[in-house]
Each structure stands twice: as structure tokens, then as C-alpha cells.
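**Q** Mind having a look at this structure? Questions to follow.
The values are calculated or read from the model by the stated rules, or taken from the named source; none is laboratory data. Since the structure is predicted, the reported quantities are computational estimates derived from the model, not experimental observations. Backbone-built Cβ (ideal geometry, glycine too); neighbour counts: all protein chains shown.
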Amino acid sequence: MTTILFTDTHQFADWLATKRDSTIVGFVPTMGALHEGHGSLFELARSQCDLVIASIYVNNLQFNSSSDFDRYPRTLDEDVAMCQSRSVDAVWAPSQLDLFPDGQQLLTTGENALEYEGRDRPGHFVGVATVVDRLLSIVAPDRMYLGAKDHQQISVITSMCGQLHQYVNIVRCPTIREHDGLAISSRNRFLTQHGRSQAPIISLALQHMIDTWRAGETEPTTLIAQATSELQNINGATVHYIAVLDGHEMQLTMSVKQGDTAIIAVSIDNVRLIDNMQFVNV
Ligand code: AMP
């Protein structure tokens, strides 16, 4: 099979309409610069759906500065090749005008968008919700595949879908990591060599939180203090937050239990990195 590339939304929608009958449609929204993390979403979608669609849209609304938006890598040819290698049926890569011919009417987000990434990146989740809502309106997939790495994003998108009657089954996909544990991200390429060598401390700190909990510690503040002191070993890093959340919700947990989630955001070399892990017993 050959992955078909559409940049025109009408053509994409017409093509999709011919495919939809008795077909499970899987959708993977991305901003391109595809890596193995995205690849794993495509693979899972491929194994569960008849038709797999990837979108590539660098969402201006979710960047906090125009320079961040401008420097975001655009690698469409490589991305289509990656989709082809994972047997994605179609890549839909609309322009802003094509996706929003009527202009961008911003949605509002709820309480789960207020803290953490929402606090540090004002407007970020409004941008995410606005674009994902529009993408879903056009693709109307049965299943949408999202990475667990973006924990709060899944929460915000799930709420948006509920409020706006976007009936889609959201599949939470495991975080794919480099061999040293660093969560794969398109931002990793912006790290200096030194920063890159230090960055695995983030996933190690998360893993140590899980290990300490497995050894019997259930007090979130103790686990957070431990992780904080480990992250302070990274030269020039800024720790934005470390928190332990109740299950997949965005509320803090009072006493850490199976299924809770530890989340961390740290900037190294001014590159903001986020990661999380779930407390599960082996
Ligand atoms: P992005 O292109 O960064 O907007 O990401 C598109 C999708 O890929 C989102 O659902 C992300 O959570 C997911 N994703 C990004 N990095 C990873 C990773 N390392 N492992 C699994 N999923 C990821």
C-alpha cells in the first residue's frame, strides 16, 4: 500500500467518505517531525483499525511565542515516509487557511487546563482543544490515539470531547523512550550535548518515586521532595513542577495508590521537557 498525502481538506473529506462504510477509522493527530513515539501510535492504530489517518498540523495556537512556532521542525517528506513505513493509509496536512477557512474561533477549556502546563503556557490548551475539535469534526474517527506522555493534554481533550459531543474512543498509548529512559520528543533535538546527557535524570527521578512507593512510602510530599533533590543535580535546570495526581485525573492525590500518576516538567537549556509515570505494582 502507499500512503496518500492530502493537503486539501475537501479532497481529503471526499476520499474519507468513500472509505467509511463498516470501517473502524483510527486517527492520530500530530504536529509532524515524526519520531518513534508517533510511530508507536500508528502501529497501535494499525493493529486495531481498518483505516488509519494521521494529521500533521503545526498548531500556531498552542505555542507561546512566535519564535517557538517558527523553529518547530517541519519535515513533511520524512513524515510521509515514516507513515508509509507504518502502513498509515493517509496523511492529512492542511494549511491553517484550509483547516480554518472561517477563522479560528477559540474554545474555552475547563478546570483541568488551569494548572501545570496550562499555568505555565497560557492559552496552550485552548489552542489544543480548538484544533483537535476541528480535526475531529472532519475525520470523525472511531478511535483517536494519544500519547500518555502528554498526560494533561489527554485530560483536556477528553473533557472537550465530552462537552462538544465529539464521540470518539480515546486510546491512551504508552510513552516511548530512548535507551537511557528519556521520553522521545521532537524538542530533544534542541538540547545541547550536555543537556542531553543530563535529561535522563527526569525519567530516573520518576522511576525512583515509583520504586520508593513500591517500598511502602505513600506520602506524596516525601516522594516529591526526593525527586526535587535529584533534579537539582541537573546543571542549569529549572523545575517547573512535580506533582502526584489521582489516577488519570488532574487532582492531587492525598495518599499515593496504584494507578496514580507522577508528573514532572523541567527546562534544560531552555528546552521544556515533560514526562510522567504511573504508580503500578510489578
Ligand atoms: P505532537 O506531534 O508532539 O503533538 O504529538 C502527537 C502525539 O504523539 C501526541 O498524542 C503525543 O502525546 C504523542 N507522543 C509524543 N511523544 C511521544 C512518545 N515519546 N511516546 C508516545 N507518544 C508520544
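**Q** Let me spell it out: the conditions are (1) away from the ligand (no atom under 16 Å from the Cβ); (2) within 24 Å of the chain's Cα centre (by Cα); (3) not assigned by TED's automatic domain parsing to the domain that holds ASN112, and LEU206 meets all of them except one. Which number is the exception?
**A** (1)
**Q** Can you say whether SER65 is away from the ligand (no atom under 13 Å from the Cβ) and either within 16 Å of GLY147 (Cβ to Cβ) or exposed (fewer than 15 other Cβ atoms within 10 Å of the Cβ) (or both), as far as the supplied structure shows?
**A** Working: away from the ligand (no atom under 13 Å from the Cβ): yes; either within 16 Å of GLY147 (Cβ to Cβ) or exposed (fewer than 15 other Cβ atoms within 10 Å of the Cβ) (or both): yes.
Answer is yes for this residue.
**Q** Determine whether the stretch 21-29 contains at least one residue that is over 13 Å from VAL91 (Cβ atoms) and in a helix (DSSP H, G or I). Show your work before the answer.
**A** Taking the stretch 21-29 and keeping what is over 13 Å from VAL91 (Cβ atoms), we get 21-26.
With in a helix (DSSP H, G or I) added as a condition, the list becomes none.
There is no residue in the stretch 21-29 that is over 13 Å from VAL91 (Cβ atoms) and in a helix (DSSP H, G or I).
**Q** Still on this structure: Looking at the stretch 183-203, which of the residues that are over 15 Å from the mean Cα position of the chain (by Cα) and of a type in the set (A, V, I, L, M, F, W, C) is farthest from the ligand (Cβ to nearest atom)? Steps first, answer last, please.
**A** Of the residues in the stretch 183-203, the ones over 15 Å from the mean Cα position of the chain (by Cα) are 189-203.
Keeping just the survivors that are of a type in the set (A, V, I, L, M, F, W, C) gives 190-191, 199, 201-202.
Numbers: PHE190: 13, LEU191: 15, ALA199: 13, ILE201: 17, ILE202: 13 Å.
The selected residue is ILE201.
**Q** Can you spot a residue in the stretch 139-150 that is of a type in the set (Phe, Trp, Tyr), crowded, with 16+ Cβ neighbours inside 10 Å and part of a helix (DSSP H, G or I)? Write out each step before concluding.
**A** Keep residues of the stretch 139-150 that are of a type in the set (Phe, Trp, Tyr), which gives 145.
Checking which are crowded, with 16+ Cβ neighbours inside 10 Å leaves us with 145.
When the remaining residues are screened for being part of a helix (DSSP H, G or I), the result is none.
Checking the stretch 139-150: not a single residue is of a type in the set (Phe, Trp, Tyr), crowded, with 16+ Cβ neighbours inside 10 Å and part of a helix (DSSP H, G or I).
**Q** Here's another thing I want to ask about it. Tell me, which residue of the stretch 153-167 that is farther than 23 Å from GLU43 by Cα and not hydroxyl-bearing (Ser, Thr, Tyr) is farthest from the ligand (Cβ to nearest atom)?
**A** HIS165
**Q** Residues being away from the ligand (no atom under 11 Å from the Cβ) and without any contact (Cβ under 8 Å) to a residue 40 or more places away in the chain: count how many of those fall in the stretch 168-182. Let's see the steps before the verdict.
**A** Quick first cut of the stretch 168-182, residues away from the ligand (no atom under 11 Å from the Cβ) only: 168-169, 179-181.
If we keep only those that are without any contact (Cβ under 8 Å) to a residue 40 or more places away in the chain as well, we get 169, 179-181.
The total comes to 4.
**Q** Scan (1) closer than 24 Å to ALA227 by Cα; (2) within 9 Å of the ligand (Cβ to nearest atom); (3) among the hydrophobic types (A, V, I, L, M, F, W, C) for the single condition LEU146 breaks and write down its number.
**A** All conditions pass for LEU146, except number (1).
**Q** Just checking, does the stretch 28-47 include any residue being farther than 22 Å from ALA129 by Cβ, within 16 Å of the ligand (Cβ to nearest atom) and without any contact (Cβ under 8 Å) to a residue 40 or more places away in the chain? Walk me through it before giving the result.
**A** Looking only at the stretch 28-47, we keep the residues that are farther than 22 Å from ALA129 by Cβ, and these are 34-36, 39-40, 42-44, 46-47.
Those still in the list that are within 16 Å of the ligand (Cβ to nearest atom) too: 34-36, 39-40, 42-44, 46-47.
Then keep just the ones that are without any contact (Cβ under 8 Å) to a residue 40 or more places away in the chain; that gives 47.
Yes, the stretch 28-47 contains a residue that is farther than 22 Å from ALA129 by Cβ, within 16 Å of the ligand (Cβ to nearest atom) and without any contact (Cβ under 8 Å) to a residue 40 or more places away in the chain.
**Q** Only one of (1) under 22 Å from ARG189 (Cα atoms); (2) of a type outside the set (A, V, I, L, M, F, W, C); (3) touching a strand residue (DSSP E or B) at 6+ places or on another chain (Cβ under 8 Å) is not met by THR3, so which one is it?
**A** It is condition (1) that THR3 fails.
**Q** Continuing with this model, one more query. Only one residue in GLY247, GLY259 is under 30 Å from ARG143 (Cα atoms), of a type outside the set (S, T, N, Q) and modelled with pLDDT under 95, so which one is that?
**A** GLY247
**Q** Out of the stretch 97-119, which residues are assigned to a helix (DSSP H, G or I) and surrounded by 15 or more Cβ atoms within 10 Å (Cβ to Cβ)?
**A** Filtering the stretch 97-119 for residues assigned to a helix (DSSP H, G or I) gives 97-99, 111-113, 117-119.
Within the stretch 97-119, ASP98, LEU99, ASN112, ALA113, GLU117, GLY118 meet the criteria.
**Q** Check off (1) surrounded by fewer than 18 Cβ atoms within 10 Å (Cβ to Cβ); (2) outside the structural domain of GLN48 (by TED's automatic domain parsing); (3) on the phi < 0 side of the Ramachandran plot; (4) not hydrophobic (A, V, I, L, M, F, W, C) for GLY181 and give me the number that stays unchecked.
**A** The single condition GLY181 does not satisfy is (3).
**Q** Is there a residue in the stretch 45-56 that is in a loop (DSSP other than H, G, I, E, B) and either surrounded by fewer than 15 Cβ atoms within 10 Å (Cβ to Cβ) or assigned by TED's automatic domain parsing to the domain that holds ASP142 (or both)? Write out each step before concluding.
**A** Filtering the stretch 45-56 down to residues in a loop (DSSP other than H, G, I, E, B) leaves 49-50.
Still in the running and either surrounded by fewer than 15 Cβ atoms within 10 Å (Cβ to Cβ) or assigned by TED's automatic domain parsing to the domain that holds ASP142 (or both): 49-50.
Yes, that holds for at least one residue.
**Q** Right, here's the next one. Among the residues of the stretch 109-129, what is the count of those that are more than 13 Å from the ligand (Cβ to nearest atom), in contact with a helix residue (DSSP H, G or I) (Cβ under 6 Å, 6 or more places away or on another chain) and not aromatic (Phe, Trp, Tyr)? Talk me through it step by step, then tell me what you get.
**A** Here is the first cut: in the stretch 109-129, the ones more than 13 Å from the ligand (Cβ to nearest atom) are 109-116, 118-123, 126, 129.
Still in the list and also in contact with a helix residue (DSSP H, G or I) (Cβ under 6 Å, 6 or more places away or on another chain): 109-110, 112-113, 116, 118, 129.
Imposing the further condition that a residue be not aromatic (Phe, Trp, Tyr) reduces the set to 109-110, 112-113, 118, 129.
Total meeting the criteria: 6.
**Q** Also: Kindly provide the set of residues from the stretch 183-217 that are of a type in the set (D, E, K, R), without any contact (Cβ under 8 Å) to a residue 24 or more places away in the chain and more than 17 Å from VAL239 (Cα to Cα), ordered by number. Before you say what the answer is, go through the steps one by one.
**A** Narrowing the stretch 183-217 to residues of a type in the set (D, E, K, R): 187, 189, 196, 211, 214, 217.
Next, only the ones that are without any contact (Cβ under 8 Å) to a residue 24 or more places away in the chain stay: 196, 211.
The one that is of a type in the set (D, E, K, R), without any contact (Cβ under 8 Å) to a residue 24 or more places away in the chain and more than 17 Å from VAL239 (Cα to Cα): ASP211.
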